[in-house]
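Quick one: this structure, given as structure tokens, is what I'll be asking you about.
The values are calculated or read from the model by the stated rules, or taken from the named source; none is laboratory data. Note that the coordinates shown come from a computational prediction; the quantities given were computed from them, not determined experimentally. Glycine also receives a Cβ, built like all others from the backbone with ideal geometry; neighbour counts cover every protein chain displayed. Heavy atoms of the whole protein, side chains included, go into the accessibility calculation; ligands, DNA and RNA do not. Shrake-Rupley method; radii C 1.70, N 1.55, O 1.52, S 1.80 Å.
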Amino acid sequence: MGEARPLIEMRGIYKRFYIGQPNELEILHGVDLDVMPGEFLSIVGPSGSGKSTLMNVIGVLDRPTEGHYVLDGTVVSQARDDELSAIRNRKIGFVFQNFNLISRTNALKNVELPMMYAGVPGSQRSVRARELLAMVEMGERMNHQPSELSGGQKQRVAIARAMANDPAIILADEPTGALDSQTGRMVMDLFHRLNREQGKTIVLITHNRELALETDRYVTMRDGRLYVGDTGEEVRCGAR
């Protein structure tokens with residue numbers, strides 16, 4: 001049997017803004033990154049380090065200016081806009097700090113939404129959404145709107161929504177940032193359970209080194225470059 005291929009494979013990723021203008025700005029400076037199937041990886045760094053820009057590229061919310069990116073066998077850097085939309089919907093589950101739930105829609109319908117975009121029939125959407133809400137212990141709150149839920153409950157609904165289309169990867173951007181420590185602990189425990197019991201690949205973006213230390217592996221982002229753990233060794237996946 002051959003070696004497992006990375007689920008995320010990035011080589012020489014650059015991201016520049018205001019290209020060709022006097023204020024041209026380069027945020028990512030040739031980032032290399034591999035994430036293996038089933039891995040729980042953290043990208044840790046302070047505000048302004050470039051980790052949010054990298055998250056947008058990993059999550060196919062933005063294209064790299066330069067470089068090669070393969071996600072679960074798809075060459076993202078060469079994909080058309082409609083293909084990128086399908087990749088986001090089917091291969092990536094997003095969990096954000098501010099939850100991003102639709103305010104006038106109950107928890108059940110919020111979880112169904114990605115499946116609706118994917119063309120899943122209504123009856124199947126409902127069954128799947130109910131199962132996912134039960135998994136995150138929100139089954140009794142499925143008919144509540146976000147305004148009727150606590151922060152931790154909203155984030156559990158958001159995690160259920162991220163799982164809706166059984167994505168290859170869960171991308172979590174500061175998922176405990178708006179929560180108190182006890183609720184944040186519960187959310188992290190849920191991520192660990194998804195990783196351990198369902199084999200989900202998770203990439204956690206955080207400024208919290210303590211959370212990063214819980215994961216299988218972490219890299220540190222400083223000034224648009226990735227480093228192995230807390231070392232000064234820059235991540236260079238091609239140099240093997």
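One residue is enough: does the stretch 33-43 have a residue meeting the conditions of a type in the set (Phe, Trp, Tyr) and out of contact with any Ser or Thr (no Cβ under 8 Å at 6 or more places or on another chain)?
no
Yes/no matrix, rows are residues, columns are (1) more than 14 Å from residue 97 (Cα to Cα); (2) over 15 Å from the mean Cα position of the chain (by Cα):
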position: 175; (1), (2): no, no
position: 179; (1), (2): no, yes
position: 184; (1), (2): no, yes
position: 188; (1), (2): no, no
position: 192; (1), (2): yes, no
position: 195; (1), (2): yes, no
position: 201; (1), (2): yes, no
position: 209; (1), (2): yes, yes
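Do you know which of the residues in the stretch 194-207 that are in contact with a helix residue (DSSP H, G or I) (Cβ under 9 Å, 6 or more places away or on another chain) and in contact (Cβ under 8 Å) with a residue 40 or more places away in the chain is nearest to residue 164 (Cα to Cα)?
Across the stretch 194-207, the extreme among qualifying residues is 200.
Does any residue of the stretch 54-62 turn out to be farther than 18 Å from residue 89 by Cβ and touching a residue at least 60 places away in the same chain (Cβ under 8 Å)?
yes
Of everything in the stretch 1-26, what is within 28 Å of residue 200 (Cβ to Cβ) and among the β-branched types (Val, Ile, Thr)? Give them in sequence order.
Within the stretch 1-26, 8, 13 meet the criteria.
Listed here are the residues, each with its yes/no results for (1) touching a Gly at 6+ places or on another chain (Cβ under 8 Å); (2) modelled with pLDDT of 95 or more; (3) surrounded by fewer than 21 Cβ atoms within 10 Å (Cβ to Cβ).
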residue: 122; (1), (2), (3): no, no, yes
residue: 128; (1), (2), (3): no, yes, yes
residue: 181; (1), (2), (3): no, no, yes
residue: 195; (1), (2), (3): yes, yes, yes
residue: 198; (1), (2), (3): no, no, yes
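One line per residue, one yes/no per condition, for (1) in contact with a Leu (Cβ under 9 Å, 6 or more places away or on another chain); (2) open to solvent by 50 Å² or more (accessible area, probe 1.4 Å); (3) more than 20 Å from residue 131 (Cβ to Cβ); (4) modelled with pLDDT under 90:
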| position | (1), (2), (3), (4) |
| --- | --- |
| 94 | yes, no, no, no |
| 100 | no, yes, yes, no |
| 109 | no, yes, no, no |
| 113 | no, no, no, no |
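Tell me which residues, restricted to the stretch 204-221, are part of a strand (DSSP E or B) and surrounded by 16 or more Cβ atoms within 10 Å (Cβ to Cβ).
204, 205, 206, 218, 219, 220, 221
Name the pairs whose Cβ atoms lie under 7 Å apart, with the first residue in the stretch 66-80 and farther than 14 Å from residue 7 by Cβ, the second open to solvent by less than 70 Å² (accessible area, probe 1.4 Å) and polar (S, T, N, Q), and 6 or more positions between them or separate chains?
As it stands, the answer is 67/77; 68/77, since those pairs meet every condition given.
Check off (1) modelled with pLDDT of 95 or more; (2) open to solvent by 60 Å² or more (accessible area, probe 1.4 Å); (3) touching a strand residue (DSSP E or B) at 6+ places or on another chain (Cβ under 9 Å) for residue 148 and give me the number that stays unchecked.
The single condition residue 148 does not satisfy is (3).
Here's something else I'd like to know. Is it the case, given these coordinates, that residue 67 is open to solvent by less than 10 Å² (accessible area, probe 1.4 Å), outside any loop (DSSP other than H, G, I, E, B) and either within 13 Å of residue 171 (Cβ to Cβ) or in contact with a Gly (Cβ under 7 Å, 6 or more places away or on another chain) (or both)?
no
Taking the stated definitions as given, is residue 224 without any contact (Cβ under 8 Å) to a residue 40 or more places away in the chain and either farther than 26 Å from residue 91 by Cα or open to solvent by less than 50 Å² (accessible area, probe 1.4 Å) (or both)?
No: the conditions fail for residue 224.
Only residues in the stretch 178-192 that are over 16 Å from residue 134 (Cα atoms) count as the first member; pair them with residues that are of a type outside the set (S, T, N, Q), Cβ under 7 angstrom, at least 6 apart or cross-chain, and list the lot.
Within 7 Å, the pairs are 178/151; 179/151; 179/152; 179/187; 183/151; 183/152; 188/211; 188/214.
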